[in-house]
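The values are calculated or read from the model by the stated rules, or taken from the named source; none is laboratory data. Note that the coordinates shown come from a computational prediction; the quantities given were computed from them, not determined experimentally. When we count neighbours, we look across all protein chains shown, and the Cβ atoms used for this are built from the backbone with ideal geometry, even at glycine. Note: accessible area is taken over every heavy atom of the protein model, side chains too, but ligands, DNA and RNA are not part of it. Shrake-Rupley method; radii C 1.70, N 1.55, O 1.52, S 1.80 Å.
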Amino acid sequence: AVGLAAYLAVVFLVNMNYQITLPLAPLWQEELWNYGAAAGLMMLVFFLFKKAVSRQRPALPIDRASIVWFFAVFAVAAAFIVAFWVIYNLTDASSPGIPFLLGYVAMPLLYVGMAYWRVKGNGILGFRFRRMDWLLAAAMILFAIAAAVLRDHIFGIANALPSYVPLSFAAIPMFLMQSLQNGIPEEALFRGYLLPQLFAFFRRPWLAMLVMIVVFDLYHLPAMLLHLHLSPWWLIALQLVFPLQPTGLVFGYAYWRSRSLVPGIMFHTYMTLWAGGWYF
């Protein structure tokens, strides 16, 4: 309780001047709701995978070379996302050929390739397409829809945000395209390689997960600065870290329990397309 109170106090201090244009609930209520929803999702993951999963987890080294490669891989990923947003802003919206190739071809190949190369194996990386993986993904999405509708009812902001459910068959190719730009590359890199490497470094899953949330949140800094044109950079960085969005925790925990990237890829893509601003 003391830790939560201190955390919310820091959140308030860092975000006290942050302008919110949508009629959302007060920040502390949003954070409590987000973490409560994340806790519910993690319970769902726990009960669906209550029995130990006999899948091989990447056994990555903790020597000096692996530490250097860890930062090198992340630096390459960060440099790519910065270059993507710079080119995106400089490109005429009527001819988005280069951003399209970067976002839907180059980024998935680069991120998945780096993860595959470091982990050394598709099966170990976590691209498993088993029935329980798809069941978990579907359950997480249905839980998110129900929780989001309930939140809108409680906070009274219905119709202020995009729909949580796709309304046409166009959603199918849209989902597939978004998974190439967002779900597959980010989950392969962050949960497939970087998170297991952090497990090896820290030997404590909760600490590795906490560091991963910080890294994952800060990865979105270029989009805030270059695409949304928010400033100053240090305040935006603080606002990404305080509050820590539990999205990365949900993705990481789903991978930890299932040993599969499939639930995270499906849920990550859904959150990006139809979460309607729901941060968790």
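Miscellaneous remarks
- Residue 195 accessible area, 1.4 Å probe, all protein chains in place, Å² to nearest 10: 0 Å²
- Most to least packed among 167-174, 30-37 [average Cβ atoms within 10 Å]: 30-37, 167-174
- The string of couplings for the stretch 177-188 from the Karplus curve (6.51, -1.76, 1.60, θ = phi - 60°) is 5, 5, 5, 6, 7, 10, x, 5, x, 5, 5, 4 Hz, one whole number per residue in order, with x for Gly and Pro.
- Accessible surface of the stretch 196-272, 1.4 Å probe, proportion on carbon and sulfur as whole %: 73 percent
- Against the criterion of solvent-accessible heavy-atom surface with a 1.4 angstrom probe, 41, 221 sort, most first, into 221, 41.
- Peptides 259-265, 197-203 ranked from most to least packed give 259-265, 197-203, packing being the mean of other C-beta atoms within 10 angstrom over each peptide's residues.
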